[in-house]
Amino acid sequence: MNRNIINFAVFIFFIIGLYQPVSAAGFDHSIFDRVLKTYVNDQGRVDYNGIAGDQSFKSYMDSLKSAKLDSMTRDGQLAFWLNAYNAVTIDKVIKWKPKKSVRATLIPGIWTSTKFFTSREHTVAGKRLSQDDIEHEILRKQFKDPRIHFAIICASSSCPPLPRFAYSAENVQTKLEEETREYINSDRGTRIDLAKNTLYLSKLFDWFAGDFEHKSGSVLDFLKRYLNEKTLAFLEEKPKIKFIHYDWSLNAQAPLK
C-alpha cells in the first residue's frame, strides 16, 4: 500500500480518536459526585453548611447554566436532569435557609407553601427553571420512567435519602434500579400492619399513581417487581392499602447557619 495512503489513514483515525471522547464524555458530574460523597452521610442527611462553603459546588452550579444536551445520549440527559434537580434543591436550601421544612406553613393545618419547588431561580441548560419544571415538564414528560420519583430528592425526611453519588450516563439505569428497590423496601416506602391487614405505602404512590399505572398497569404490579419476599407474601392476603403520612421536615444534619 502506498505510504501516503497509510499516513492519511493513520491521520484520520487520530482525528476520530480526538473527537470521540468529547462526544462520549457528555457532561462532567464529577464535582457533584465528590460533593455528595463528602457532605452526605449514610442516612442521606445533608451537611448544607459544609456545601455552602465549598467553592466547587458553586462551580458545578455555574456549569449547569450553559450545559448543552444535544450531544448527550438519552441516558446522559436523564442523568443530567436528575443531578440538576438535586443540585438546584440543595442550592435553594442553602439560600433560603429553612429552619424546619422546605414547605413553610402559611395557615396551620390548611395551607403549606410550595413556592420552594415552583420559583424559577436557577438557569439550567439555558432556561430559567424551577424543580417543578424539571420534574413535571422534563423528567416525567420526556422520560416517562416512574423510577425518577426515587432519585429526585425534595430535601425532606419522607423523600428518598439523597444518594452519595452523582448520576451519569454509565450508571443511571443501574442506580435507578437500586434506589427504587431500596426505597420501596424501607419504612419510608412500605410498612406492614398484620393486625389490621393493611399495607401502608409512601404518598409517592398516591400522588403519582398514574405514572406507575402507565408503566406497569397498576401501582401494586409496579411494586411486585421490587418488593422483598415478606411483603410479597403479605400481598397474597389482599390487604387494605393506606398511605403513610409524608414528613416534610428538613433532611439536614444540623441547623443551617
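Among the residues that make up region 26-39, is at least one of them over 19 Å from SER168 (Cβ atoms) and in contact with a Lys or Arg (Cβ under 8 Å, 6 or more places away or on another chain)? There is no residue in region 26-39 that is over 19 Å from SER168 (Cβ atoms) and in contact with a Lys or Arg (Cβ under 8 Å, 6 or more places away or on another chain). How many residues, within region 217-242, are within 22 Å of the chain's Cα centre (by Cα) and in contact (Cβ under 8 Å) with a residue 40 or more places away in the chain? Here the count works out to 3. Cβ separations smaller than 6 Å between residues 6+ apart or across chains give the following pairs from region 60-74 residues that are of a type in the set (S, T, N, Q) to residues that are surrounded by 14 or more Cβ atoms within 10 Å (Cβ to Cβ) and modelled with pLDDT of 95 or more: THR73/ALA169. The listed residues are SER168, SER202, and the only one of them that is in contact with a Gly (Cβ under 6 Å, 6 or more places away or on another chain) and either within 21 Å of HIS136 (Cα to Cα) or at pLDDT 95 or above (or both) turns out to be SER202. Where strands (runs of 3 or more DSSP E) fall entirely within region 123-232, those with at least 1 residues that are among the acidic types (Asp, Glu) are at 190-193.
Here VAL35, VAL46, VAL88 are screened, and the one residue that is modelled with pLDDT of 95 or more, in contact with a Ser or Thr (Cβ under 7 Å, 6 or more places away or on another chain) and either surrounded by fewer than 17 Cβ atoms within 10 Å (Cβ to Cβ) or under 17 Å from ALA155 (Cα atoms) (or both) is VAL35. Taken together, the criteria place TYR167 among residues that are surrounded by 15 or more Cβ atoms within 10 Å (Cβ to Cβ), within 14 Å of the chain's Cα centre (by Cα) and among the aromatic types (Phe, Trp, Tyr).
When the residues of region 190-216 are filtered to those that are surrounded by 14 or more Cβ atoms within 10 Å (Cβ to Cβ) and among the polar types (S, T, N, Q), the one that is farthest from the chain's Cα centre (by Cα) is THR198.
The values are calculated or read from the model by the stated rules, or taken from the named source; none is laboratory data. This structure is a prediction, so every number in the text was calculated from the model and none was measured. Cβ: placed from backbone, ideal geometry, glycine included. Neighbour counts: every protein chain shown.
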